[in-house]
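Here the structure is laid out as structure tokens; the discussion comes afterwards.
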Amino acid sequence: MSSKNYLAILKGGIFLALPMVFFVFSGWLFPFITSKQIPFNILMELLLPIWLVFIWKFPSYRPQKSWLTWGLLAYIIASALSLVVSSDPALSFWGDAERMLGIFHLFHFFIFYLILISTFRKPKDWDYLLAVSVAVATIVSLIGLLKTPYSTIGNTAYVSGYLIFNLYFAALLFYRYRHAKHRWWLLFPALMMLAEFVQMKTSGAIIGLGTSVLAILFLAGVLSKNKKARSLSWSALVFAVLVIVLVFSQQEAAWFQNSFLRNLTPQKNTFQTRLVSWEAAAKDFPNHPWLGVGFGNFASVFDKYFDARFYNYSRGETYFDRAHNNLIDIASTTGLVGLVSYLSIFVALAYYLIKLQRRRPDDWTPLILAGLIIAYFVQNLAIFDSFVTYIGLMIVLAYVYYLSSSPKEDNNPKKIPEGLVLIVGLIIMSIFASNTNIRAAKSFTLAIDAYGQLATGDYETALETYDQAFSLGSPLDSDGKVSYLNLVGGSKLASLPKEQQQILSDYAITLAQENLSANPQDSLMNVQLAQAYYTAYILDLGDENAQLAIDYLDKSLALSPERLPVHYLKANILLSEGKKQEAVAVLEPLAALNPNFPDTYCNLFKAYSVLEEVPQDLVKENADKCYSLGGATQLGFTDDFLRLLSFYYSEKNWERSANLAELLATYQPESVDAYLLLAEIYQNLGETEKSNAALEKANLLYGAQQEAAVEVNP
């Protein structure tokens, strides 16, 4: 086969990878992630033997020595070395369905890069590639603007990172064709991408893009040989800095606090939760300075040093599997070896861009590329890479490689057993793809089917389908198992026959045990197994399940001591067993971990309420803290909420009783008793008008219910 044909196949494969950003297979687990990564993996695996035979037969197309390539390879090797110390080597290598960012996937992005640097060797090649990428990003933006805000990417931060690359790709094309009239068509995609970028409101990306613009103005002011260009750059930079300083000097003003600008300051809750994450990494780093804790295993670091202050800023998403800072994540999971190798990529980039700028001082291409890398690097200080940003990064690295290399023109082919090697190579990679990526895709599909069957009550079929999914042996099974665990709880199973409860509960315990066996040091998986045992206990499937649940909760707490909800669950199990003093002993120390978190006081109020011979002022103190810190609204319509309402009613604290009774009426809008209670409390407050309105509502509800009863029973 001629070099022309090889180039057509390999370049075609690269172009095919770009529109994979559109792929969202709703029948797969985490469809915004897996739908893109798995087809990309398969494509790279099939292209790999073709590329190897190509560079074997045509030596002039082999990658030349480059610090960029060595830096990438060093980072992958460093990540692989961390497998030696990883607490979960399977997670490090294969990743999980939610992220698909294991070492396995890094290899595929590296293949993408190698094919790029071997085959894209002409200016037109890069013009077409950048243009296709911009066109795809424009369609992604239009989908986001007209249909779904996060488009086909599924996460606002990922969308923003993807658009940063393509905004700069559009800028590169605009600059390259600065003397052509048709370049103005680029304004439309640029405006569409900017509109979608603004809609995402991703703080880190906005700061990254803004920083990159300032950096370009600064570099242009320093490096430009044109006096007018220097003057304009410095003027624009000074003006931009003054505007930023002026705007952010108004941080305490009401208009600022009520605008999105507040999210660009450290006051933002998500920034505060990231600080907790970064502090955990700093505390753990001296324990694993060289190789870290294993690629992709940041969760173990975060859990070990989890700080209960986290709950002041967020109640959800309290389990971080990433540091939400690329440098900190890499340092924690691959150590100094990984961090230095990763940074070497950007040192190499800076080296080549400086060489390019010195060689062609009037060319702004190096400045535009520098701006892109700065934007990417800064936004990654508050997030981590994804499929779309890795693709963008590989394109940039390959483009800088192209600009800084001098490809050989010799194209004398070697005589090799080309056909045989190609056939064998493609067969091997097809088998490999089938046993890895295609098997994972089948597992995802079956797990989603089973989840749907489980949700609709077709339990027998659901278990059979789950068994089919997990029998495939995909290394990414854990997320499918978690989908079952999340759906099967006590309330879900309570109405079923005992025999079926036992089968479904035992299956949950088995799946949780299998997940935990892969990494016994995972605090979340210990909690999931504890919850499975607790479900069995509340279904009355064996009293021994209560102690088993407590045992695994204790293991989880040993790994992550300040996870308050885990303590609460343990206390509630103890209360249900009648071990009231032990439950109080679990709860009492928790207030010191976070004095501002109301749930501790709500749980203590509950425990003290059922405890004999406890001072009433202690009950009242915790009830008041639960209420004043906003805990009542977090309880929902539960026995604990009704207990708090009953307490304030008995205390004749009519103001708090009224607030809670109003909540009760929202929880039970058709309840006559709720409005009668509200009418009584309003009457005690002296608010006759409100009392009469509540009575009228109660009478209307009662009348409607009586009429309905007559219609049903004529």
Calc'd 3J(HN,Hα), the range 535-540, phi into Karplus 6.51 cos²θ - 1.76 cosθ + 1.60 (θ = phi - 60°), Hz, glycine/Pro = x, comes to 4, 4, 5, 6, 8, 6
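Taking a threshold of 21 Å on the Cα-Cα distance, which of the pairs Lys442/Lys492; Lys580/Lys652; Lys65/Lys355 fall above it?
Details: Lys442/Lys492 27 Å; Lys580/Lys652 27 Å; Lys65/Lys355 16 Å.
Beyond 21 Å between Cα atoms: Lys442/Lys492; Lys580/Lys652.
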Between Ile428 and Glu689, what is the FRET efficiency for a Förster distance of 56 Å, r being their Cβ-Cβ separation, to the nearest 0.05? 0.10
If you line up the Cα atoms of the range 344-485 on their principal axes, what length do they span on each, largest first, in Å? 71, 50, 21
Along the charge dipole of the chain, which of Pro149, Gln357, Ala661 sits closest to the positive end, that is, farthest toward it, with unit charges on the beta carbon of Lys, Arg, Asp and Glu (+1, +1, -1, -1)? Gln357
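My understanding is that a pair violates if its Cα-Cα distance is over 30 Å; which of Lys620/Lys697; Lys283/Lys625; Lys11/Lys414 do that in this structure?
Values: Lys620/Lys697 32 Å; Lys283/Lys625 32 Å; Lys11/Lys414 21 Å.
Long pairs (Cα-Cα over 30 Å): Lys620/Lys697; Lys283/Lys625.
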HN-Hα couplings for the range 98-110 via Karplus (6.51, -1.76, 1.60; θ = phi - 60°), in whole Hz with x for Gly/Pro, come out as 5, 10, 6, 10, x, 4, 3, 7, 4, 4, 5, 5, 5
Selection from Leu604, Leu186, Gly489 lying farthest towards where the dipole of the chain points positive, charges on Cβ: Leu186
Taking one equal scatterer on every alpha-carbon of the range 300-381, how large is log10 of I(q)/I(0) by Debye at q = 0.12, 0.13, 0.19, 0.24 1/Å? -0.54, -0.59, -0.89, -1.13
Using only Cα atoms and rounding to the nearest 10 degrees, what angle (0 to 90) does helix 418-433 make with the longest principal axis of the chain? 10
Loop GluC sites (Glu not before Pro), the range 653-689 (other Cβ atoms within 10 Å of the site Cβ: 10 or fewer; DSSP): Glu670
Along the positive direction of the dipole of the chain (beta-carbon charges: Lys, Arg +1; Asp, Glu -1; about the Cα centre), which of Tyr534, Ala558, Phe30 reaches farthest? Phe30
Any idea what the alpha-carbon Rg over 2.2 N^0.38 Å comes to for the chain? 1.14
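Rounded to the nearest whole Å², what accessible area per residue is found for the range 514-575 with the 1.4 Å probe?
Values: 2260 Å² over 62 residues.
Dividing the accessible area of the range 514-575 by its residue count gives 36 Å².
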Given +1 on the Cβ of Lys and Arg, -1 on the Cβ of Asp and Glu, and no further charges, what dipole in debye does the range 193-296 carry about its Cα centre, rounded to the nearest 20? 480
I'd like the carbon and sulfur percentage of the solvent accessible area for the chain, probe radius 1.4 Å, heavy atoms only, ligands and nucleic acids excluded. 62
Total charge dipole magnitude, the chain, about the Cα centre, Cβ charges on Lys, Arg, Asp, Glu only, Debye to nearest 20: 5700
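Enter the accessible area per residue of the range 343-389 (Å², integer; probe 1.4 Å; all protein chains in place). Walk me through the numbers on the way to the answer.
Details: 1790 Å² over 47 residues.
The answer is 38 Å² per residue.
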For every helix of n ≥ 4 consecutive DSSP H residues, a contribution of -39,500 (n - 2.57) applies; sum these over the chain, divide by its total residues, and give [θ] at 222 nm rounded to the nearest 500 deg cm²/dmol. -23500 deg cm²/dmol
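Taking a probe of 1.4 Å, how large is the accessible area per residue of the range 620-696, in Å²? Don't skip to the answer; put the middle values down first.
Numbers: 4040 Å² over 77 residues.
Roughly 52 Å² per residue, with all protein chains present.
Calculate the dipole size of the range 473-588 relative to its Cα centre from +1 charges on Lys and Arg beta carbons and -1 charges on Asp and Glu beta carbons; express the result in debye to the nearest 20.
On the way: 8 positive and 15 negative charges, 48 e Å.
Around 220 debye, computed over the range 473-588.
Please tell me the relative contact order of the range 1-128 in percent, rounded to the nearest whole number, where contacts are Cα pairs under 8 Å and at least six residues apart. Could the numbers behind the result be given before it?
Details: 100 pairs, mean separation 37.3, N = 128.
Here the relative contact order equals 29 percent.
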What stretch of the chain, leaving out the sites themselves, is the longest with no chymotrypsin sites (Phe, Trp or Tyr not before Pro) in a DSSP loop having at most 13 other Cβ atoms within 10 Å? 291-636
For the range 358-363, 3J(HN,Hα) per residue [Karplus equation, 6.51 cos²θ - 1.76 cosθ + 1.60, θ = phi - 60°, Hz, x = Gly/Pro]: 5, 6, 10, x, 8, 8
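The values are calculated or read from the model by the stated rules, or taken from the named source; none is laboratory data. Keep in mind that this is a model prediction, so the values were computed, not measured. Neighbour counts are summed over all protein chains in view; Cβ atoms, including those assigned to glycine, are modelled from backbone coordinates with ideal geometry. Quick note on the areas: whole protein, heavy atoms, side chains included, nothing else; ligands and nucleic acids left out. Shrake-Rupley method; radii C 1.70, N 1.55, O 1.52, S 1.80 Å.
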